[in-house]
Amino acid sequence: MPEDVSVTMDPQKRISRGEGSELRIEIEKLDDESTTNESLQTVKFAVAPKVRPTLDEKQQQKQQEQDEIKTMDDLGKAPLPHGSHVFALVGLFFLAVPLWLSVVCSWVWLVLLGALLPTFVVFRHFFVKRNTAPTPGRMWATTLWGEGEEPVPDTAGLPAVYFLFVLGSGGHTAEMMEIIKKQFQGRPNQHRRYVVTSGDTSWFNAMSLEHTIFMTYHDGNGGTCDLFTIPRARKVHQSLLTSPFTCLWTAIKAFYALTLHPADRPAERYGDSYKWPHVIVTNGPATGFIVCLVAHLLKMFYLAPPNCLKMVYIESWARTRSLSLTGKLFKWTGIADMLCVQHKGLATKTGAEYIGLVKTKNVPFG
Amino acid sequence: MDDDSIKHPSGTAVGRRCFVTVGSIASFRPLLSEIISKDFLACLSRHGYDAVDVQCGPDYEWFQAEVAKLDQNDVHAINIQAFPYTKQMIDYMIQCRGEDKVRPAGCVIAHAGAGTILEALRVDAPLIAVANPTLMDNHQLELAEEVEEQRWAVHGKIGNLKSAVEQINRNIVQGRLDSLPPYAPAPFPVPAEERITIFDWMALTCYPEEFARQQHRAALLKQEEEFRRQAAGQGSGTDEKGEIGHMKYD
């Protein structure tokens, strides 16, 4: 009987899963079993082949739970890295053993923790490093078009693109500004955060660039930006005794710069898409290395999801045959997802990625 | 050779300017004293230079005193101007850039600092890069040699700057640097085909599925382009080539 059966469509589900044909049926009134089954049969064939009769409440709940998990995945919540549950189990085991032993005698607990923590750190370090971006060689440098199509790479369709630029001082900043200008492309989904060191005029460069962007893109296609100041890691002529403390202070401030949600992209509207920077770009000073180290630690201790905080280090144009100290640190620790140099000879020597920044002159020379 | 360079077809080969810069921090007296040496000034005069602007950094007073000591016969009516530091470096460099029917090309003689070299290259001014050997482990030498290898500039050596100026003059004649179009600053945002796309690729790696999709598409596009180039090479028709250009940039 038609009046006994009401068919409702769940709008939320339709939006979240992107399918129009999914229907949920609720039977409000039951006269007797036979009629219900009959009416259901008719509805099933009349509306859509995908209709799923959910008579059993338990089954229904189970299905809902499963659906929720699916939609969460669809929305881009980063899936756990392959095999991470194995590591979690191993970690649990290693945690459970000292806890049990701590009941037996307390010093064993301390000793084991002292041994296990470094093991965990080393383990995670190499695990996170393994997940760094693949290097497809020259593909990185290309901008390609199909016939009447959008260029590749195309970032316009992504939910969020969040860059974090660490500015150094003097020549480093000037070079970084050139790089930012040369890669810039107006996109409404882009957010840029500039991290500058205190007692420096880099913020002025960043703000004048943002002013130019604002004047070029009146319609908001230039994206949003904000600026963060962190203290200098080591001042000129500072003694080596006190520098670890200033470095620690810088690291704490860098933690804030990495984790604080951009004010222009509130979580109420954009959700978690702007929670973590996607790409960290630095080109020189020690502060940049500290920011990247903090980012690496965040990934190591499961505080940040693995699919964010990608690090790019760009060696200064002045270095033609050897890496600078910061460059060597990045190469040695291997925390950077991509190490870029600006001279071909250096690229072949160090195995870094070559990005030619200076356009070759088209005049015959020499 | 030298006489040929002076009688340049444009007819304006006199009135070249030279801009010397040593950076703001480090002192570079060997270069400054070579600039005002008798031989070098004679060489400049012979090649049609009549003005030298010198940014001398911390050695400003010393340089002024040295210039005052010069004999007027040795100066060859070259106008030497000195100042300690300027923020408008680019204006002086543009003065050394040849422009059609405005001025002939001169040259920039600079310490081999990365920022200075980049700035000179940006305005297309002929450049002589001189490494300052007094700096920490002579790190500028590396860059000076590299830019000469890439033919972006001429590596000038202290004690033999004359040959670098001769080389620059040969370059000016070969590259027709006296008649360049007016200087225009680089457009912003840069044209799409000149963009650095590496950060976009990195952002895409945060979305693995989209990244894989676009990588695949890029590979396909690249293959297609290669096929088309091969086809164009076999057909040897100019029409086909034009069509490719249209497809790529339109």
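The values are calculated or read from the model by the stated rules, or taken from the named source; none is laboratory data. Bear in mind the structure is a predicted one, so any value in this text is a computation, not a measurement. Here the Cβ is made from the backbone with ideal geometry for all residues, glycine too, and neighbour counts use every protein chain on show. We work out accessible area using only protein heavy atoms, side chains counted, and drop any ligands, DNA or RNA first. Shrake-Rupley method; radii C 1.70, N 1.55, O 1.52, S 1.80 Å.
Can you tell which of B:GLU193, B:GLU146 is in contact with a helix residue (DSSP H, G or I) (Cβ under 8 Å, 6 or more places away or on another chain), outside any loop (DSSP other than H, G, I, E, B), charged (D, E, K, R) and crowded, with 16+ Cβ neighbours inside 10 Å?
B:GLU146
Take the conditions in contact with an Asp or Glu (Cβ under 8 Å, 6 or more places away or on another chain), assigned to a strand (DSSP E or B) and under 27 Å from B:ARG170 (Cβ atoms) and apply them to B:CYS43. Does it pass?
no
Where residues in segment B:163-193 are within 7 Å of chain A (Cβ to nearest Cβ), closer than 18 Å to A:ILE213 by Cα and of a type outside the set (Gly, Ala, Ser), which of them is farthest from the chain's Cα centre (by Cα)?
Looking at the filtered set, the residue picked out is B:PRO189.
Going by the structure shown, is B:THR116 of a type in the set (Val, Ile, Thr) and assigned to a helix (DSSP H, G or I)? Break it down into steps so the answer makes sense when it comes.
Working: of a type in the set (Val, Ile, Thr): yes; assigned to a helix (DSSP H, G or I): yes.
Yes; evaluated as a whole, the condition is true for this residue.
Which pairs have Cβ atoms under 7 Å, sit 6 or more apart or on different chains, and link a residue in segment B:120-142 that is open to solvent by 10 Å² or more (accessible area, probe 1.4 Å) to one that is part of a helix (DSSP H, G or I)?
B:ALA131/B:ASN138; B:ALA131/B:GLN140; B:ALA131/B:LEU141; B:ALA131/B:ALA144
Give B:ALA105, B:ALA110 a once-over and let me know the one that is small (Gly, Ala, Ser), more than 20 Å from A:GLN342 (Cα to Cα) and within 12 Å of chain A (Cβ to nearest Cβ).
Sole residue among the options that is small (Gly, Ala, Ser), more than 20 Å from A:GLN342 (Cα to Cα) and within 12 Å of chain A (Cβ to nearest Cβ): B:ALA105.
Tally up the residues in segment A:253-308 that are of a type in the set (Phe, Trp, Tyr), part of a loop (DSSP other than H, G, I, E, B) and open to solvent by less than 60 Å² (accessible area, probe 1.4 Å), please.
Qualifying residue count, segment A:253-308: 2.
Just the residues that are within 20 Å of the chain's Cα centre (by Cα) and of a type in the set (Gly, Ala, Ser), please, taken from segment A:160-185.
Residue satisfying the conditions is A:ALA160 alone.
Quickly run through segment A:148-198 and pick out the residues that are facing another protein chain (nearest Cβ under 8 Å) and among the β-branched types (Val, Ile, Thr).
Result: A:VAL152, A:THR155, A:VAL161, A:ILE179.
Among the residues in segment A:315-326, are any at negative phi, touching a Cys at 6+ places or on another chain (Cβ under 9 Å) and at pLDDT 90 or above?
Scanning segment A:315-326 turns up at least one residue that is at negative phi, touching a Cys at 6+ places or on another chain (Cβ under 9 Å) and at pLDDT 90 or above.
Filter segment A:337-357 down to residues that are touching a Gly at 6+ places or on another chain (Cβ under 9 Å) and of a type outside the set (Lys, Arg) and give me whichever is farthest from the other protein chains (Cβ to nearest Cβ).
A:THR350
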